[in-house]
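Just so it is clear, none of the values below were taken in a lab; they were calculated from the coordinates. These numbers come from a predicted model, not from an experiment. Don't worry about glycine lacking a Cβ; one is built from the backbone with ideal geometry, like all the others, and counts go over all protein chains shown.
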């Protein structure tokens, strides 16, 4: 008996992240497959995310998988939730709200909490 993908350890390759509780099964005609499922279920090798022209579709529901896909598409690594990042002019700022660390374009300045 086959296990449902929602309770099985279905992964999204090439990232190796979990697929989540919801997974779509679909067929691809002329779209580019950018990720596939793995994990020992009926989904193995099937498309998990595809691209055609400027349209992308992901058939998984896990935030980590979405994050890895978006990082790959944009070429930018995501900040943790407690890190705020923004740009002003030609400078890029990162503020770590947990450690109270401010990174200004590669210059690290740590502040003691009051």
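In terms of packing, defined here as the mean over residues of other Cβ atoms within 10 angstrom, the peptides 40-51, 68-79, 14-25, 83-94 line up highest first as 40-51, 14-25, 68-79, 83-94. What separates the Cα centres of region 77-97 and region 1-71 is a distance of 29 Å.
Run the numbers for residue 13 and residue 93: contour at 0.36 nm per residue of separation, minus the present Cα-Cα distance, in nm.
That works out to 25.6 nm of additional length.
Oblate is the label for region 35-76. Its Cα gyration tensor axes, ordered a ≥ b ≥ c, give a/c of at least 1.5 and b/c at or above a/b. One chain, two ends: residue 24 and residue 63. Fully extended at 0.36 nm per residue, the span grows by 12.5 nm beyond their Cα-Cα distance. Where the alpha-carbon atoms of region 5-98 are placed on the principal axes, they occupy 47, 32, 17 Å, in descending order.
Report the full-extension gain for the segment residue 79 to residue 54: residue separation times 0.36 nm, less the Cα-Cα distance, to one decimal in nm. Don't skip to the end; give the middle numbers.
Values: separation 25, 0.36 × 25 = 9.00 nm, distance 2.49 nm.
Contour length minus Cα-Cα distance gives 6.5 nm.
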